1. Could you list, in sequence order, all residues of region 99-131 that are part of a loop (DSSP other than H, G, I, E, B) and at positive phi?
2. Could you tell me whether region 171-181 includes any residue that is among the hydrophobic types (A, V, I, L, M, F, W, C), assigned by TED's automatic domain parsing to the domain that holds V58 and more than 15 Å from L82 (Cβ to Cβ)?
3. Among the residues of region 145-169, what is the count of those that are touching a Phe, Trp or Tyr at 6+ places or on another chain (Cβ under 7 Å), surrounded by fewer than 16 Cβ atoms within 10 Å (Cβ to Cβ) and under 12 Å from S127 (Cβ atoms)?
4. Could you say which residue among M29, M22, M1 is at pLDDT below 80 and either assigned to a helix (DSSP H, G or I) or not assigned by TED's automatic domain parsing to the domain that holds N149 (or both)?
5. Out of all the residues in region 136-154, which are more than 21 Å from D71 (Cα to Cα) and either free of Cβ contacts under 8 Å to residues at least 24 places away in the same chain or in contact with a helix residue (DSSP H, G or I) (Cβ under 8 Å, 6 or more places away or on another chain) (or both)?
6. Within region 83-90, is there a residue that is touching a Ser or Thr at 6+ places or on another chain (Cβ under 9 Å), of a type outside the set (V, I, T), surrounded by 11 or more Cβ atoms within 10 Å (Cβ to Cβ) and in a strand (DSSP E or B)?
7. Hey, among the residues in region 132-175 that are assigned to a strand (DSSP E or B) and among the aromatic types (F, W, Y), which one's farthest from the chain's Cα centre (by Cα)?
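The values are calculated or read from the model by the stated rules, or taken from the named source; none is laboratory data. Everything quoted here is computed from the prediction, not taken from an experiment. Here the Cβ positions follow ideal geometry from the backbone for every residue, glycine too, while neighbour counts run over all protein chains shown.
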Amino acid sequence: MAMSKKTVYSLFVAKFVFSLAMIFWTIKMTLGAGVGTDDDNTFQAYYHDVDANYNEIVVDNHKFAALYNIDVKINDYQLDTLDYNDIYLSQRVIDKRTDRKNILTVGENNSVDVKVYDKSTNQLVSSKSSIVFTMPSTHKYDQKVELENTKKSNVKIEKKSYWNINGSIEVNGLKGHFYIKTNAI
């Protein structure tokens, strides 16, 4: 049994109007969700800047590592090289690895400490460090720690989740960067 022309045209118009309404609803919901306003800040710069200057970041890390030794302590974990290789890994890798797992704990993390030593004299040098503790899914719980010389700091982790720790250490205008993917238990 065939449908009348009136029914076919009515269905066509109804589908068209419904499709337009869904397009407008999708746009309204996306704008309301803040998509695009939560930019990634790996290496404490926007990803456009990191992409454009990645080679310079690598060269700066090599220059820094040639002159200085670092000792970054976060709770019981110790980082002694400017390592950013975790940036190439997915967050799920953390579940399967033993190194750099469970560095953070929910609540007070009582030990965030950065020391920089001159390689030629093995003497402690004056440095400025900036470390950001951030969840990969949101910047709502970001914790930023600014350290000068050998001062220690605390950081409060509010959620059990995956976390990224990215930091920069500056000595005499030369910057080095590190990046760690871990989780909080």
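1. Answer for region 99-131, where residues must be part of a loop (DSSP other than H, G, I, E, B) and at positive phi: R100, N102, N122.
2. Taking every residue of region 171-181 in turn, none turns out to be among the hydrophobic types (A, V, I, L, M, F, W, C), assigned by TED's automatic domain parsing to the domain that holds V58 and more than 15 Å from L82 (Cβ to Cβ).
3. 0
4. When all the criteria are applied, what remains is M1.
5. K140, Y141, D142
6. For region 83-90, residues touching a Ser or Thr at 6+ places or on another chain (Cβ under 9 Å), of a type outside the set (V, I, T), surrounded by 11 or more Cβ atoms within 10 Å (Cβ to Cβ) and in a strand (DSSP E or B): absent.
7. Y162
Yes or no, residue by residue, for (1) out of contact with any helix residue (DSSP H, G or I) (no Cβ under 7 Å at 6 or more places or on another chain); (2) closer than 20 Å to Y77 by Cα:
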| site | (1), (2) |
| --- | --- |
| D99 | yes, yes |
| L104 | yes, yes |
| E108 | yes, yes |
| D113 | yes, yes |
| V116 | yes, yes |
| V125 | yes, no |
| S130 | no, yes |
| T134 | yes, yes |
